[in-house]
Amino acid sequence: MARPFLQVENLTKSYGDRMLFEDVTFGVNEGDKIGVIAKNGTGKTTLLRLLSGEESPDSGSVTFRSDLRVGFLTQEPEFDPSMTLVENLVAAIPPHAGEEWGREDRAVQMLSQMGIDDPAIDVAHLSGGQRKRAAIARVLLSAPDLLILDEPTNHLDIATIEWLENYLTRQRVTLLMVTHDRYFLDRVCNKIIEIDMRRIFTYEGNFDLYLRRREERLEALAAQLAKDRNTLRKEQEWMRRQPQARAGKARYRINAFYDLKERASVRYDDRTVDPSAVQSGRIGSKIFEAKGISKAFGKRVILDDFTYTFARYEKLGIVGANGVGKSTFIKMLLGLVAQDAGTWDVGETVRFGYYSQEGLDLPEGKKVIDAITDLAEEIVLTTPATATTAEKTVSLSPMQFLSRFLFSPADQQKYISTLSGGEKRRLHLAAVLIRQPNFLILDEPTNDLDIVTLGILEEYLRNFKGCVIVISHDRFFLDSIVDHLFVMEGQGVIRDFPGNYSDYREYLKEQRALKAEEQRATAAAAPTPAEQRRPAPQRPAKMSFKERKEFEALTAEIDSLTAEKKALDALFASGETIADIAEKSARYDELSALLDEKEMRWLELSEKA
């Protein structure tokens, strides 16, 4: 039976009259890998802060098993400025984990795996992405029994996300994390906790199973609410009668009426961002051409004689390691960064909408409604004519427009400086779309957006009547939107790949398999050092009886191992949920090594056959 690591009992937390959750109870057992999901502003990060002790609950308790080592990864990690990066990491490694030199070696190795090649760097000089990667390395090196991670994939490139995904999948680690990365949730987690309607709902299984179970729960909730409200109408008629008419009635019915009234008053708030209310401006046939664009910062080449013609309605994803120049590429297109050589020829009808990684370009000291009103005092939308309806024009006020992005009248009076990260992201999106662009450029748009909002934004972009360029580390987001990729490989090399991100990963997997096959064939054909020294025999040696039996056994064994490996290949490619993924991955590696060994021996014996 799994040991309990953490128990949360009747936890309640509010800010003023705003209740985040109440009487929340759940547990974390050894071996659990739990993803926490909720809409922005409903308490995900607050829950983690309560678990870490950074905040106190209004009521309830948080109890960790005694002597439990807990590793916390916050969204804004801090380091000791008096120490180098590697010294910060070494200080986090438990003393029992090895000698001093061994601990530093492990820290350097972990940093290298996270893509940081200068372990002696001053922590003050770390970029945002480096700081996040270093913080992940530090918390993993601390060898915790329980890992608590707040948005671990934010500001990471895809290669690092996939490394972390594989690490957490293979390691026997207990995990509780908040993330909006749906592939990460699907491949790592075996349990999902959802914060909704100020309560906790727990679902066994990965993210894909959670989606199905959640839909079933909402359907059941809707059916129960309809039933309760129908019954309430009948009971209200009974309660409206004169007191004398019900004086003799059982008191329990009156009490039951008030219980029913409370249940029937539940309002499931499923409001979502509605960018579909915003239309793109018409776009002409000429979009833009890049002609011989080159850009470098010293020896670091971003683009090298890059030429490309962008097509109408094209949806492009840009991927590559952090620091390879993805953001610089789009800033040159927008005219925010000057190229060293070449020209951009942008069509006259193109109207860019730029959602930048840096965030809002709105005055922090202004109220939300005032900042949006400064951009447009009226938003005029035109609904195209159909076979049965004429073209219609609708006008929205800034207040009506903001309501489409979940800003209530009270929220619109807030100062921008007081908004949460998710609220600022929604306002940023509203500020971009209010200008009705026909060419959207989105640089890491998924950071700080909840899963529901991401789904709505994906649908909007798929139906967007214009052009889109997306830089994102969110693989699900890219798969949902783009029709091809620019893969920036560094030093000015850009590969144009026809397909989405999953197509690209499958292509890379096939290329690695081909390369491995070529290497095996080369190794099998090459003579061993002993064979090189030994003169060639006048005639091939015959098999001994023992070798003949071994050869026959090897043939059957290789067939069996190959069949098992193919079965695992099919399972991994099926997309099905694999409960024991770590064991099957380890078996796959073992099979590959065994086949190499058996096939080499088979080749040796076949020379004698």
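General remarks:
- For segment 360-380 versus segment 181-196, the gap between their alpha-carbon centres in whole angstrom: 36 Å
- Reciprocal of mean inverse Cα separation for segment 104-160 (Kirkwood radius, Å): 11.9 Å
- Highest-first packing order for the peptide set 583-595, 313-325 is 313-325, 583-595, based on the mean count of other beta carbon atoms within 10 Å.
- T84 long-range amide H proximity, modeled H, under 5 Å: none
- Percent accessible area from carbon and sulfur atoms, segment 328-410, protein chains only, probe 1.4 Å: 52 percent
- Put a plus charge on the Cβ of each Lys and Arg, a minus charge on the Cβ of each Asp and Glu, and nothing anywhere else: the dipole of segment 80-177 about its Cα centre is then about 260 debye.
- With all protein chains in place and ligands, DNA and RNA left out, the 1.4 Å accessible area ranks K515, K366 as K515, K366, largest first.
- Taking every protein chain into account, the accessible area of segment 1-143 amounts to 50 square angstrom per residue (probe 1.4 Å).
- Set of lysines with alpha-carbon distance to K44 below 29 Å, sequence-local pairs under 8 removed: K13, K33, K132, K191, K366, K367, K414, K424
- The residues of segment 302-403 have, on average, 52 Å² of accessible surface per residue, using a 1.4 Å probe with all protein chains present.
- Two-decimal Rg/Rh across segment 11-130, once Rg and the Kirkwood Rh are taken from alpha-carbon atoms: 1.05
- Förster-model FRET efficiency, 35 Å R0, S56 and A222, C-beta, rounded to 0.05: 0.45
- Prolate/oblate/rounded label for segment 331-455 (Cα gyration tensor, a/c 1.5): oblate
- Counting charges near L375 (Lys, Arg +1; Asp, Glu -1) among other residues having Cβ under 13 Å from its Cβ returns a value of -3.
- Net charge of Cβ neighbours under 9 Å - reference H180; Lys, Arg +1; Asp, Glu -1: -4
- Shape class for segment 307-401, computed from the alpha carbon gyration tensor (a ≥ b ≥ c): oblate, with a/c not under 1.5 and a/b at or below b/c.
- Over 26 Å between alpha carbons, listed pairs K291/K509; K39/K465; K286/K331; K291/K315: K291/K509; K39/K465
- Each of I416, T393, I441 was scored by the projection of its Cα onto the charge dipole of segment 367-491, and the greatest displacement toward the positive side belongs to T393; charges sit on the C-beta of Lys, Arg, Asp and Glu.
- Net charge of Cβ neighbours under 13 Å - reference K291; Lys, Arg +1; Asp, Glu -1: -3
The values are calculated or read from the model by the stated rules, or taken from the named source; none is laboratory data. Source: prediction; values computed, not measured. Counting neighbours? That spans all protein chains shown, and the Cβs are built from the backbone with ideal geometry, glycine included. Note: areas computed on protein heavy atoms with side chains; ligands, DNA, RNA excluded. Shrake-Rupley method; radii C 1.70, N 1.55, O 1.52, S 1.80 Å.
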